[in-house]
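The next block holds one structure in the form of structure tokens; read it before the comments.
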Amino acid sequence: MKPTLPGTIGVTIKGKAYPVVLQRLYQQSVVLHSITSSGEDEIHFYLSHYELSHIRKAVFKTGCKVKLEKGSGLAFELEHAFKIRSFIIWMVIAIALVMGSTRFLWSVEVQGATPEIRQEVEIAMKELGYAPGKSKKSLPTENQISPILYKEIDQLSWMGLEWQGTKLIVHLKEKKGSTQTVKLPPSHIVASKKGTIQSMQIESGQAVENVNSVVKKGQLIVTGLVGREEDKQAVPSKGVVMAETWYEVNVTVPDKLVRETLTGNEKRKWSLQLFGWTTPSIPFTKVPFTSAVEEIKSDDIEVAGFRFPIKKKTTHIYETEKTISKVDQKAAREIALKVAKEEVLSLIGGTGKIQQEKFLHEQNDNGKVKLIIYFQALEDIAKVQPFSEETRE
Amino acid sequence: MSRWLTRTKQWIGSTLQLPDDLLLDLPRVTWIGSFLLHIENHKGLLKVEDHCIVVKVFDGFLKINGDSLQIQSMLTDEMTIKGYVSEIIYNRQQGGEDE
């Protein structure tokens, strides 16, 4: 590429034949400036850097020595600038990128309140334009969006936006207390189980049964129709009906318990896995355990982030020991009671509790202890049964 | 250039009233004061020294004596010499290769 910018280079030519060089340069019609003699058989001049290539031809076979000075002029200034140009350009680009990227929203984090509200807020914010990649300036302000969010999300009591650099943190507070205005359909309360009512706490609705009355499954306890005979109103019934219920649990406990315990001895074996093919494990020696449990772990081999298709398989072999313990009558009862209690508790739910337990029957049969346990429990048997107003009778 | 060609050129110049330096490729020297010398139609440099510059011209060479002489610029057919010029010697010599 031919340079197009002005620039001059100082040249010193030393040698007896310098007139020949000058003559040749003249024939090549090279423009020279400030030709001075700088010593004996030595001249110094300046020429444009375009014509530097002519000097070599001119000096060819004259025995003159050419010394070039550092050039001056716009071309060299620019050349110097171009050397650090890329550095400066990338610096500017990097600064511009950093400065530019801080003007955009990168992520939205929603904090506080319940997951449902968070989800709703996230969706609403997205609709309002708070999506990653949007410029901060184009986003609506907090004052603009908060009324919309309060209106859209009932359970939201307060929200605040906080910028952490390019991250937007949305703080939320949910409403607490009597905010649940979900309209329930009119309903009765019926018994979910057979039992004797011990106590009733009716919030709405009218009780039909009294305390101490025995109810069957599905029997009406509280009616959702309140008021006088003429104009009865349908209301959603609500209340807790604690009733005494009974359970009989059959439990069978073997009189021998076989337990497998780890002794603590461990052996390891290694092998490599390649495309589903496994190499023989190392070491090859046989494991001296009579009974053992194996645990296999396979790890990817990774070097500096590159994952090889080979897997390292480690087999941990733990020695186990079998212990047989005989279960006597007392222990069997305890085990059976524990198991039965758990089962009953899972049936009667969280608010219920076991009042009384009694062993009804006990039998040793073929190395097994069979037990029938009777439980008396107190539990909430209220079951809400909605009805439509048309079909009320 | 042969003599008859020079003569023909001189004749054409005189009949057409054209300046001789254009036709014959002769040098035109402008001496301004004692410090600037303008030489047109030169044929190159022969010697550059502080006190002496020898310029080749069509029919010989120009020897310029002086002090602290310096060629300010040398274009293809124009040359500016700066410095204290005391004398100019025009040596006519056909070819003008050697001093």
- [ ] Kindly indicate whether any position in the range A:109-131 is within 30 Å of residue A:6 (Cα to Cα), hydrophobic (A, V, I, L, M, F, W, C) and not assigned by TED's automatic domain parsing to the domain that holds residue A:222.
- [x] no
TODO: May I ask you to verify whether residue A:248 is open to solvent by 100 Å² or more (accessible area, probe 1.4 Å) and among the acidic types (Asp, Glu)?
DONE: yes
- [ ] Under 7 Å between Cβ atoms, at least 6 apart or on separate chains: pull out the pairs that start in the range A:37-61 with a residue that is away from chain B (no Cβ under 14 Å) and end on any residue that is hydroxyl-bearing (Ser, Thr, Tyr).
- [x] A:49/A:8
Task: Which listed residue is in contact with a Gly (Cβ under 6 Å, 6 or more places away or on another chain), crowded, with 16+ Cβ neighbours inside 10 Å and more than 25 Å from residue A:17 (Cβ to Cβ), from B:23, B:69 - done: B:23
TODO: Show the residue pairs that are 6+ apart or on different chains and have beta-carbon atoms under 6 Å apart, the first residue being within the range A:337-361 and within 12 Å of residue A:380 (Cα to Cα), the second being open to solvent by 90 Å² or more (accessible area, probe 1.4 Å).
DONE: none
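Conditions (1) under 60 Å from the mean Cα position of the chain (by Cα); (2) surrounded by 12 or more Cβ atoms within 10 Å (Cβ to Cβ); (3) not aliphatic (A, V, I, L, M), marked per residue:
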| position | (1), (2), (3) |
| --- | --- |
| A:55 | no, yes, no |
| A:61 | no, no, yes |
| A:70 | no, no, yes |
| A:79 | yes, yes, yes |
| A:84 | yes, no, no |
| A:97 | yes, no, no |
| A:112 | yes, yes, yes |
| A:115 | yes, no, yes |
- [ ] Kindly check whether there is at least one residue in the range A:218-225 that is more than 30 Å from residue A:287 (Cβ to Cβ) and open to solvent by 90 Å² or more (accessible area, probe 1.4 Å).
- [x] no
TODO: Would you tally the residues in the range A:13-27 being surrounded by fewer than 17 Cβ atoms within 10 Å (Cβ to Cβ) and among the polar types (S, T, N, Q)?
DONE: 1
TODO: Within the range A:259-277, work out how many residues are out of contact with any His (no Cβ under 9 Å at 6 or more places or on another chain) and either open to solvent by 100 Å² or more (accessible area, probe 1.4 Å) or not assigned by TED's automatic domain parsing to the domain that holds residue A:317 (or both).
DONE: 6
Open item on the list: Considering only residues that are of a type outside the set (S, T, N, Q), over 29 Å from residue A:258 (Cα atoms) and part of a loop (DSSP other than H, G, I, E, B), which ones fall in the range A:275-323?
Closed with: A:275, A:276, A:280, A:283, A:284, A:304, A:305
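The values are calculated or read from the model by the stated rules, or taken from the named source; none is laboratory data. These numbers come from a predicted model, not from an experiment. Quick reminder, even Gly has a Cβ in these numbers, built from the backbone with ideal geometry, and neighbours come from all protein chains shown. Heavy atoms of the whole protein, side chains included, go into the accessibility calculation; ligands, DNA and RNA do not. Shrake-Rupley method; radii C 1.70, N 1.55, O 1.52, S 1.80 Å.
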